[in-house]
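*Asks:* Got a structure for you, questions after.
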Amino acid sequence: MDNQLIASEENPATEIISHWDREKAWSIFKFLDVNEETRKDYQYRIGHFLNFISDKRLNQNSFLEYKNYLRLRTDYTVATKNKYLVTAKIFLKELNRRSLLPVDITQNIKSFSQSKKHKKEGLNDQEIEKLTIALKELPNTPPNTRIKAMISLLVLQGLRQIEITRLDVKDVDLIRKTALVEGKGRDDKEIIYLHPETVKHIKRYLKANNLKDGALFVSNSNNSKNIRITTRGLRMIIKNVLKDLDIFKCVHGFRHYFTTTLLKNYQGNLLRVAQYTRHRSLEMLQVYNDNIEMENDLPKYYKTFKGIKF
């Protein structure tokens with residue numbers, strides 16, 4: 001059987017899909033049932049697949065060839081490879097759904113197998129102490145109260161970056177010490193209880209910046225001033241703070257710290273910790289707990305082989 005997706009009068013688009021520009025490809029994601037942040041991620045990554053097939057004619061093996069190409073990329077992590085692969089898969093499936101491709105060429109092709117163990121370290125107690133000391137020394141100017149409010153939501157609430165960017169002023173109830181958070185993959189907001197320190201910093205932030213409604217955090221950059229801050233914008237702000245303190249950890253490392261600290265203090269009570277971290281399943285929390293137990297067990301492991309020296 002010929003592996004070409006033959007263009008015909010019934011399927012004229014198959015011949016030119018390989019040469020689509022990004023703007024035309026972006027339109028394919030326009031009506032997907034996903035949130036805006038996910039849509040932007042897909043639109044950002046699809047150019048990688050378009051570049052791959054630009055000098056080829058799209059055929060039944062194009063998706064598998066793309067996977068094999070990604071497999072050979074040693075400069076990408078498995079997580080990054082899967083993000084590119086998933087984007088291409090959704091793109092091709094949508095083309096098939098719209099009858100722009102006669103067949104679904106992604107069938108029976110799996111994503112890359114990915115370890116569930118964390119490869120990046122979260123922030124540790126010493127780094128958090130270093131950070132809090134530096135923040136205490138900052139005067140409560142409007143920009144500084146903004147940074148402190150953001151970091152309190154990361155350190156003391158363990159919020160994901162997307163959750164922070166989605167917060168509105170009206171979602172925060174400083175009297176009840178609660179907030180309504182739209183979690184990852186959720187359609188509705190759920191209530192969380194705010195730590196008193198978080199309440200203090202959000203209260204100062206709102207007062208110093210005279211915020212009454214709208215997005216809790218907006219951009220201060222010239223190109224998007226007063227528009228709801230993006231996850232990229234949030235990351236840049238926090239990473240700059242960490243960089244000034246010679247802390248070279250990713251922003252998601254705050255959530256690692258939050259979860260790990262809870263597990264240590266709740267002595268591995270996954271159900272109770274899940275109420276604070278809002279993990280959908282206990283599987284990921286078990287990964288955190290396994291890491292803690294492994295670290296605690298290391299002295300015994302070292303002692304076991306202490307007599308062997310070369």
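The values are calculated or read from the model by the stated rules, or taken from the named source; none is laboratory data. As the structure is a prediction and not an experimental result, all values here were calculated from the model. As a convention, Cβ positions derive from the backbone with ideal geometry for all residues, glycine included, and neighbour counts pool all protein chains shown.
*Asks:* Can you tell me which residues in segment 30-84 are exposed (fewer than 13 other Cβ atoms within 10 Å of the Cβ), free of Cβ contacts under 8 Å to residues at least 24 places away in the same chain and not charged (D, E, K, R)?
*Replies:* Within segment 30-84, Phe31, Asn51, Asn68, Leu72, Thr74 qualify.
*Asks:* Pick from segment 30-84 the residues that are of a type in the set (Gly, Ala, Ser) and outside any loop (DSSP other than H, G, I, E, B): which of them is modelled with the lowest pLDDT?
*Replies:* Ala79
*Asks:* Name every residue in segment 235-246 that is assigned to a loop (DSSP other than H, G, I, E, B) and either outside the structural domain of Leu138 (by TED's automatic domain parsing) or surrounded by fewer than 13 Cβ atoms within 10 Å (Cβ to Cβ) (or both), in order of residue number.
*Replies:* Taking segment 235-246 as the starting set, the residues that turn out to be assigned to a loop (DSSP other than H, G, I, E, B) are 245-246.
Listed by number, the list holds a single entry, Asp246.
*Asks:* Follow-up. Looking at segment 209-232, is at least one residue small (Gly, Ala, Ser), part of a helix (DSSP H, G or I) and in contact with a helix residue (DSSP H, G or I) (Cβ under 9 Å, 6 or more places away or on another chain)? Don't jump to the end; show me each part of the working.
*Replies:* First, the residues of segment 209-232 that are small (Gly, Ala, Ser): 214-215, 219, 221, 224.
Of the ones still in play, those that are also part of a helix (DSSP H, G or I) are none.
No, that holds for no residue.
*Asks:* In addition: Would segment 286-306 turn up any residue that is outside the structural domain of Asn35 (by TED's automatic domain parsing) and assigned to a loop (DSSP other than H, G, I, E, B)?
*Replies:* yes
*Asks:* Something else now. Quick one: in segment 110-160, of everything that is at pLDDT 95 or above and among the hydroxyl-bearing types (Ser, Thr, Tyr), which residue is surrounded by the fewest Cβ atoms within 10 Å (Cβ to Cβ)?
*Replies:* By that ranking, first place goes to Thr141.
*Asks:* Additional query: How about segment 137-160: which of its residues are among the polar types (S, T, N, Q) and not in a helix (DSSP H, G or I)?
*Replies:* Answer for segment 137-160, where residues must be among the polar types (S, T, N, Q) and not in a helix (DSSP H, G or I): Asn140, Thr141, Gln157.
*Asks:* Here is a further query. Checking the structure you have, find out if any residue of segment 193-215 is in contact with a strand residue (DSSP E or B) (Cβ under 7 Å, 6 or more places away or on another chain) and closer than 19 Å to Leu131 by Cα.
*Replies:* Scanning segment 193-215 turns up at least one residue that is in contact with a strand residue (DSSP E or B) (Cβ under 7 Å, 6 or more places away or on another chain) and closer than 19 Å to Leu131 by Cα.
*Asks:* Just need a number here: residues in segment 161-185 that are part of a loop (DSSP other than H, G, I, E, B) and at pLDDT below 95.
*Replies:* Step one: list which residues in segment 161-185 are part of a loop (DSSP other than H, G, I, E, B), which gives 167, 174-177, 183-185.
Then drop every residue that is not at pLDDT below 95, which leaves 183-185.
Adding up the residues that qualify gives 3.
Residue by residue, here is whether (1) touching a His at 6+ places or on another chain (Cβ under 9 Å); (2) under 24 Å from Lys184 (Cα atoms); (3) of a type outside the set (Lys, Arg) holds:
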{"position": "Asp246", "(1), (2), (3)": "no, no, yes"}
{"position": "Arg255", "(1), (2), (3)": "no, yes, no"}
{"position": "Lys264", "(1), (2), (3)": "no, no, no"}
{"position": "Arg272", "(1), (2), (3)": "no, yes, no"}
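*Asks:* Ala134 versus (1) in the same structural domain as Gln43 (by TED's automatic domain parsing); (2) part of a helix (DSSP H, G or I): which is the lone unmet condition?
*Replies:* Here Ala134 meets the rest and fails (1).
*Asks:* Sticking with this one: Could you look through segment 247-265, keep only residues that are touching a residue at least 40 places away in the same chain (Cβ under 8 Å) and assigned to a loop (DSSP other than H, G, I, E, B), and pick out the one that is surrounded by the most Cβ atoms within 10 Å (Cβ to Cβ)?
*Replies:* Looking at residues that are touching a residue at least 40 places away in the same chain (Cβ under 8 Å) and assigned to a loop (DSSP other than H, G, I, E, B), I get Val251.
*Asks:* Ok, one more. Only one of (1) over 26 Å from Lys24 (Cβ atoms); (2) in contact with a Lys or Arg (Cβ under 9 Å, 6 or more places away or on another chain) fails for Val86. Which number is that?
*Replies:* It is condition (1) that Val86 fails.
*Asks:* Just wondering, is there one or more residues in segment 280-294 that are touching a residue at least 40 places away in the same chain (Cβ under 8 Å), surrounded by fewer than 18 Cβ atoms within 10 Å (Cβ to Cβ), on the phi < 0 side of the Ramachandran plot and touching a helix residue (DSSP H, G or I) at 6+ places or on another chain (Cβ under 7 Å)?
*Replies:* no
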